[in-house]
Amino acid sequence: MEKHITVCPYCGAGCKMNLVVENGYVVEAEPADGVTNRGELCLKGLYGHDFVNDTKILTPRLTHPMIRREKGAELERVSWDEALDFTAERLKRIIDEHGAEAIMLTGSSRGPGNEANFVMQKFVRACLGTNNIDNCARTCHAASVIGLMESVGSGAMSVSIPLLEETDCIFLIGYNPAASHPIVASRIVKAKERGATLIVADPRVIETARIADMYLAQKNGSNIALLNALAYTIVAEDLADWDFIEGHTVGFDEWWKTVERYAPEAVADVVGVAPEQIRQAARLYAMAETAVIGWGMGITQQRQGVDSVHAIAALALITGHIGKHASGLAPVRGQNNVQGSCDMGMWPSLYPGYQRIDDDAVREKFARAWNVPIEKLSPVEGRKLTDLPHGVADGSIRAFYNFGEDPLQTEPDTAQMRRTLEDLDLLISQDIFMTQTTTLADVVLPATSWGEHGGVFTASDRTFQRFSAAVPPKGECRHDWEIFQDLSCRMGYPMSYTSTEEIWNEIRELCPLFFGATYEKMEGLGHAQWPIPDIDHPGSPELYGGGAFTTPDGKAHFFATDYESPTELPDREYPLVLCTVREVGHYSCRSMTGNCKALAALADEPGYVHMNPLDAEARGIDEEQLVWVYSRRGKIISRAALDDRINEGAVYMTYQWWVGKCNELTLHVTDSQSGTPEDKYGACQVEPI
Ligand code: SF4
C-alpha cells in the first residue's frame, strides 16, 4: 500500500488529502493537514476518488484518440500521430480560410492544473495568434473578476478561507457554502462558535441560514435593491468609516446620488424583507470590528452580476471592512482550479498573472520570452465562452477546442448549445470521459486524469498547492500539456517542455505576482499564496493592507447602479421562478462524481425539482412524484422534492443530470458586462405527469 499527497479535485476550498493506492488502484482518500482543511474532508473529498480507476458506472474513461473523418461519420480509433496530424491540418485550414479569430478555446478549471492551462493559452496566443481563450469562470464568477478589478484592483478573494474563523461578522449573500464548499461552511460554523455574528441573505432557508443571527429571506433576483438598501442605511445612520472613504476611495459622492434613493422602505416590496430587518442587518455588519462578505453564483449568475459585485464592494468600502485583518471580500470560486484558470490567462483580455494583452510592454515581454514577433501576439480582446452560440450562428467561429469541460451539460439552453456544437466545422474535445459534449466531437483526445498527473492548483483564496500522480495513466492517455505541445509543434510553433516544474518556472519568471511560489515551497503540505513577488516573501493571506488597493490609481472606486428586474419574469403560463443550484454529493457536470461508487449510489436520475409544499399542493403534486418541468426552451422529467425551506413561487434544480437536465430549460441571457448567464432566474411551470 502506498500513499500520495495531493489536493482534492472538486471545489475551490483546496483540501489536502492522501490517496491510498493498492495494486495500481486508488482505494481510499485520507484527510491531510492542509492549510484550509486541517485534517477534514467533505463527502466528495472522502468518496470522490475512484473515477480514476475507470469504474464505468456512468461512462468509461477515454483511453485512445478518436476522430470523425467527416460530419455524420462514426468516431474511429486512431493513433496519436494520426489524431494530432488530423487536428493540426483541420485547424490550419480554418486559419487559412477564416483567420485565427475563427477558433475558440476553453480551458479546464478542474483536474489538469495550472501548467496545462498555461501551455494551452501559450498555444492559443503564440501559435494560433488569437486571444479567443476563456474558462468556466465565464459561467460562474466572471462578474466577480470584472467587478472587483474595477472596484478594488484584483478579482480574487481578498481574505483567506482559514481567516473566516477569526472575523467578527460574516455576511453571506447568494452563496450556499454547505453545498458548494463544505469545508468553508465548517470554517463559518467555527467562527459562529467563537462568537461571530452571521447574516445570511438568500431566498431559500439554506443550511447556514439555520444557524444565522439574522436571515434575510430576500426575493429571487433582488440583490441590487437589497445591497443598495444596506448601504443606504449605513450612510444614513452615520455608521460609515469616513476616514477610510476619504483616505482610500474615489467616487463616493457620485455613488451616493444613486444609493440615496434606496431607503429600505422604498425597496421593501422588491426585496421582500421588512425595512427594520434590513436596517438591523446593516447595523450588525457596519458596527462589527471586522467583517467578511461571502458570495457565490446567487450574485453573479444574474442579469446585473457585475453591478451586484460593485454594490458588495461598496459595502466593504463605506465601512472600512477591507484592508485590515480578517476583513474583506470573499467571492468563493466553484471548481477546484477556476481561480488557477484565471491566474493562467485563460481569459480573453489577460495574460497569465493578470497582465493586460493591450499593454505593449507586457506583449513585448511575452513575445521575447516566447520567441515570437510582437505582431503575432494580438492586442485584440478575444471572445467569451458565452459568445460561442452567437459566434457560430453568424459564422465568425468555425472551430471550438473544448478542454476538460462539458458545455452541453453545464451551459444554459441545451437545445441552442447542441445546435452550436453541431454547426461547428471542427469540435475538438480533450477530456477523461465521454461527456455529453465529447459525444459530438470530431476529435477526441484522451488525457490523464487527476490522480495520474501532477502540478499546481490554485484554491479559491489564491493559495497555490501541489498535487501529485498516484497511479499510472490508463490506456494511451497522455498529459494535457504534452498534447498541446505536440499539436503546437505540428502547427509550426515548437515547444519542448520535459516536466511540469519546467513549465511552472516559466510561469514564475513571467508573472511577478507568482515569482516566489517555487515547487520546493509547495512540497508535501506546503503552500504559497499570491501575491508572492520574491523567493523570501511569506505569501499574502490578505490583500490591500492599510488601504493599498491595486487599481491603476491605488484607490478603491465606487460604482452604483439602479435595480433592474430580471429578464424573464413569471407569468400565467410560466408562473414559477427557476433557479439552478449545487448539491453536496455531485460536482458540476457529474462526469467525475457520477463515476464514483459511493457518490453514484446517493441519487438516481432524474434529479429533483425542489419546491415549496404549498406550490406542490396547488398543483396536486406529492413528495417524490414524477413531474414535468417546462419553460419556453424545453420540457423535462423530474421528481418533486417538497421542502418548506424553499420559498413559495420558486423551484430549484441542480444541473448535472442527463435525464431531467435543467439546462434544457434555462435562458441564454447574459450580464452585459461579464457575459455570465442569468442562470439564477427564469420562468417555468411544474405539473404532475
Ligand atoms: Fe474537496 Fe471541496 Fe470537499 Fe474540500 S470542501 S474535500 S476541496 S469538495
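Worth pointing out:
- Being part of a loop (DSSP other than H, G, I, E, B), of a type in the set (Lys, Arg) and at pLDDT 95 or above is true of Arg572.
- When Val235, Val189, Val200 are checked against the criterion of being closer than 22 Å to Gln304 by Cβ, of a type outside the set (Lys, Arg) and surrounded by fewer than 24 Cβ atoms within 10 Å (Cβ to Cβ), Val235 stands alone in meeting it.
- Checked against the criterion of being in contact with a Ser or Thr (Cβ under 6 Å, 6 or more places away or on another chain) and modelled with pLDDT of 90 or more, the stretch 625-647 contains one or more residues that satisfy it.
- On the stretch given as the stretch 67-93, residues that are under 20 Å from Asn132 (Cα atoms), among the aliphatic types (A, V, I, L, M) and surrounded by fewer than 20 Cβ atoms within 10 Å (Cβ to Cβ) total 1.
- Residues that are in a loop (DSSP other than H, G, I, E, B), under 16 Å from Ile646 (Cα atoms) and under 20 Å from the mean Cα position of the chain (by Cα), drawn from the stretch 575-616: Val581, Arg582, Glu583
- Taking first residues from the stretch 236-260 that are in the same structural domain as Gln280 (by TED's automatic domain parsing) and partners that are of a type in the set (Ser, Thr, Tyr), the Cβ contacts under 8 Å between residues at least 6 apart in sequence or on separate chains come to Leu239/Thr233; Leu239/Thr319; Ala240/Thr319; Asp241/Thr319; Phe244/Thr319; Thr258/Thr561; Val259/Tyr232; Glu260/Tyr232.
- Counted residues, the stretch 455-476 - those being touching a helix residue (DSSP H, G or I) at 6+ places or on another chain (Cβ under 6 Å) and not aliphatic (A, V, I, L, M): 4
- Scanning the stretch 661-679 for residues that are in contact with a Gly (Cβ under 6 Å, 6 or more places away or on another chain) and part of a loop (DSSP other than H, G, I, E, B) turns up Leu665, Thr666, Leu667, Asp671, Ser674, Thr676.
- In the stretch 164-193, the residues that are on the phi > 0 side of the Ramachandran plot form Cβ pairs under 7 Å with partners that are more than 10 Å from the ligand (Cβ to nearest atom) and of a type in the set (Phe, Trp, Tyr), at six or more places apart or across chains, as follows: Gly174/Trp295.
- Any hit, the stretch 267-281, residues being among the polar types (S, T, N, Q), on the phi < 0 side of the Ramachandran plot and assigned to a helix (DSSP H, G or I): yes
- Filtered residues of the stretch 317-352 (kept if closer than 19 Å to Trp481 by Cα and not hydrophobic (A, V, I, L, M, F, W, C)): Asn336, Asn337, Gln339, Gly340, Ser341, Asp343, Gly345, Tyr351, Pro352
- Here the stretch 145-195 is the region considered, the condition is being farther than 26 Å from Leu41 by Cβ and assigned to a helix (DSSP H, G or I), and the residue that is nearest to the chain's Cα centre (by Cα) is Val145.
- Residues of the stretch 304-354 that turn out to be assigned to a helix (DSSP H, G or I) and either within 16 Å of the ligand (Cβ to nearest atom) or polar (S, T, N, Q) (or both), as a count: 6
- Restricting the stretch 262-302 to residues that are charged (D, E, K, R) and touching a residue at least 24 places away in the same chain (Cβ under 8 Å), the residue that is nearest to Val159 (Cα to Cα): Glu289
- Filtered by the rule that a residue be closer than 16 Å to Leu315 by Cβ and not aromatic (Phe, Trp, Tyr), the stretch 549-577 gives Ala556, His557, Ala560, Thr561.
- For Ser460, the conditions (1) of a type in the set (S, T, N, Q); (2) more than 30 Å from Ala185 (Cα to Cα); (3) surrounded by 23 or more Cβ atoms within 10 Å (Cβ to Cβ) are fulfilled apart from (2).
- Filtered residue count, the stretch 138-189, keeping only those that are within 16 Å of the ligand (Cβ to nearest atom), closer than 22 Å to Arg582 by Cβ and among the charged types (D, E, K, R): 1
- Restricting the stretch 35-69 to residues that are among the small types (Gly, Ala, Ser) and either in contact (Cβ under 8 Å) with a residue 40 or more places away in the chain or in contact with a helix residue (DSSP H, G or I) (Cβ under 9 Å, 6 or more places away or on another chain) (or both), the residue that is farthest from the ligand (Cβ to nearest atom) is Gly48.
- For the stretch 106-132, a residue qualifies if it is assigned to a loop (DSSP other than H, G, I, E, B) and of a type in the set (Ser, Thr, Tyr), and the qualifying residues are Ser108, Ser109, Thr130.
- Residue check, Glu564 surrounded by fewer than 20 Cβ atoms within 10 Å (Cβ to Cβ) and not in a helix (DSSP H, G or I): yes
- Condition check for His321 on (1) outside the structural domain of Thr439 (by TED's automatic domain parsing); (2) in contact with a helix residue (DSSP H, G or I) (Cβ under 6 Å, 6 or more places away or on another chain): one failure, at (2).
- For the stretch 13-34, a residue qualifies if it is within 11 Å of the ligand (Cβ to nearest atom) and among the hydrophobic types (A, V, I, L, M, F, W, C), and the qualifying residues are Ala13, Cys15, Met17, Ala29, Ala32.
- Any pair with Cβ under 6 angstrom, 6 or more apart, that starts in the stretch 3-20 at a residue that is over 17 Å from Ser160 (Cα atoms) and ends at one that is within 9 Å of the ligand (Cβ to nearest atom) and of a type in the set (S, T, N, Q): Pro9/Asn336; Tyr10/Asn336
- Of the criteria (1) aliphatic (A, V, I, L, M); (2) within 28 Å of Thr551 (Cβ to Cβ); (3) surrounded by fewer than 24 Cβ atoms within 10 Å (Cβ to Cβ), which one Ala126 fails: (2)
- Of everything in the stretch 624-658 that is hydrophobic (A, V, I, L, M, F, W, C) and within 15 Å of Asp413 (Cα to Cα), the residue that is surrounded by the fewest Cβ atoms within 10 Å (Cβ to Cβ) is Trp658.
The values are calculated or read from the model by the stated rules, or taken from the named source; none is laboratory data. Just so it is clear, the structure is predicted and the values come from calculations on it, not from any experiment. Positions of Cβ are generated from backbone atoms using ideal geometry, with glycine treated the same way; all protein chains shown enter the neighbour counts.
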